[in-house]
1. Can you list the HN-Hα couplings for the stretch 102-116, worked out from phi with the Karplus curve (6.51, -1.76, 1.60; θ = phi - 60°), rounded to whole Hz and with x for Gly and Pro?
2. For the chain, set up a GNM with springs between Cα atoms under 10 Å and report which of Leu146, Leu287, Leu119 has the largest fluctuation.
3. Considering only DSSP states other than H, G, I, E and B, which GluC sites (Glu not before Pro) in the stretch 199-269 qualify as loop sites with at most 13 other Cβ atoms within 10 Å?
4. Give the Cα extents of the chain along the principal axes, in whole Å, largest first.
5. Provide the per residue accessible area, probe 1.4 Å, for the chain, rounded to a whole number of square angstrom.
6. Between Ala212, Ala45, Ala286, which gets the highest mean-square fluctuation from a Gaussian network model of the chain, Cα cutoff 10 Å?
7. Largest first and in whole Å, what are the equivalent-ellipsoid semi-axes of the stretch 111-157 based on the Cα gyration tensor, each being the root of 5 times an eigenvalue?
8. With the full set of protein chains in place, find how many percent of the accessible area of the stretch 240-329 is carbon and sulfur; take the probe as 1.4 Å.
Amino acid sequence: MVCVSPPNHEPNDAATTGPGRAQPAEERADAAVEPGWSAPLISPAGLAAVLDAPGRPVVLDVRWRLGGPHGRADHLAGHVPGAGFVDLDSELADPQGVGGLGGRHPLPSVARLERALRLCGVRAGSRVVAYDDGDGSVAARAWWLLRWAGLPADRVAVLDGGWKAWRAAGLPEETGALAPQNGTIVVRPGGMPVVDAEGAAAIAGAGVLLDARAAVRYRGEQEPVDRRAGHIPGAINAPFTGHVGPDGHWLPPEELAERFRALGVGRGPVGAYCGSGVTAASVVLALEVAGLRPPERPAVLYAGSWSDWSSDRRRPVATGEEPGDPGQL
C-alpha cells in the first residue's frame, strides 16, 4: 500500500503524532471542559452552553453547495454568534491538479489551512466546532482536517443537525463578518491517515473500502461530475446520506454501528472515498461515532477519491450493484 500520510499500521493506526499528541501547557490554558461540551458531535444546546464560557470554542461556518451559490452570503445573513466563515473550495482544499490529478478537492497546503484557521482564531489548545446547513458532510471535512492538522480528538466537534438545528432550537444568531482573529495554530499534518489510489486499491483487496457516493453513481448509471462512471473494484457502497435521519441529526451510535457491520466493517482495514474527498470524511466521522473506529484508530481516507481515480484511464472501473473483483487492481 502506498500511504501519503501517515503509514497505515495494523489496523488503521494513526501516527503517534496524531490526534492524541500533547499540546504545550501554555497553549492549553483553556483546556477545562464545561458541561455541554462533547466530541465528535455536539448538540445545539451543548454548544450554546459553552459559547459564553471561559475558553469558548472557535466556531467555523462551512456552508457550501455544489454548483453554488456561495455560502458566504448565507453566513453574512445569519450565523452562530462568533462564527467565522471558511470556504471549502478555497480554504479547505487546494486547487485541482492538471488533468484531475489529486481530485477535485485536494487536501489544502499547510499554509492555506493554517491561514484560514488563524483568521478564525484557532490556537493549538482551542476547541473547535464546525457546522454546515446540509447533512453534516462538509462540516465533517472541516472536522477531519482539524484532526489531520494535529488537534486532539476531544477538542474537535461537528454541530449535530447543523445550522438548521441551531435555528430550529431558537438559539441566538448574529449577522455580518467576523473580524480577523489572531490565531496561533501551527498545522502539523499527519493526525489522520490518508492513502492515494494505490493505497485505496490495497484496502479494497485486504479490507473494506466504502464508497460514500449515491447508489446511482456507484453503479455507474449516472456521473454528473467526473470523467468516468462506476466505482473502484471491490469497493462497497455506503451513501453518506445514510448517516443522518430525516431531521438532519446524526443517527444514534448503535444504528450507525449496525449499518456498518452489515457492510462488512470489522477489525480489519477500512477506508473511505467519495467523489472528491469531502463526503467520505463523514464516513470516517460516522465510524467514530459508531464506536467501530475509535479516535486512536480512525478509518483511512482516500482524499483524491473517485475524481482522482477516474482521471487515469489505466485504472480499472467496476459498474453495477456488486463490488467487483479487487483482484484486477
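The values are calculated or read from the model by the stated rules, or taken from the named source; none is laboratory data. Worth saying up front: this structure is predicted, and the values here are computed from it rather than measured. Neighbour counts run over all protein chains shown; Cβ positions are idealised from the backbone, glycine included. These accessible areas exclude ligands, DNA and RNA; they are computed on the full protein's heavy atoms, side chains included. Shrake-Rupley method; radii C 1.70, N 1.55, O 1.52, S 1.80 Å.
1. Per-residue couplings from phi come out as x, x, 6, 10, x, 4, x, 5, 4, 5, 5, 5, 4, 4, 4 Hz.
2. Leu119
3. For GluC sites (Glu not before Pro) across the stretch 199-269 that sit outside H, G, I, E and B with at most 13 neighbouring Cβ atoms in 10 Å, the list reads Glu221.
4. In descending order, the Cα extents are 56, 40, 40 Å.
5. 39 Å²
6. Ala45
7. Semi-axes from the Cα gyration tensor: 17, 12, 10 Å.
8. Percent of accessible area from carbon and sulfur atoms in the stretch 240-329: 50.
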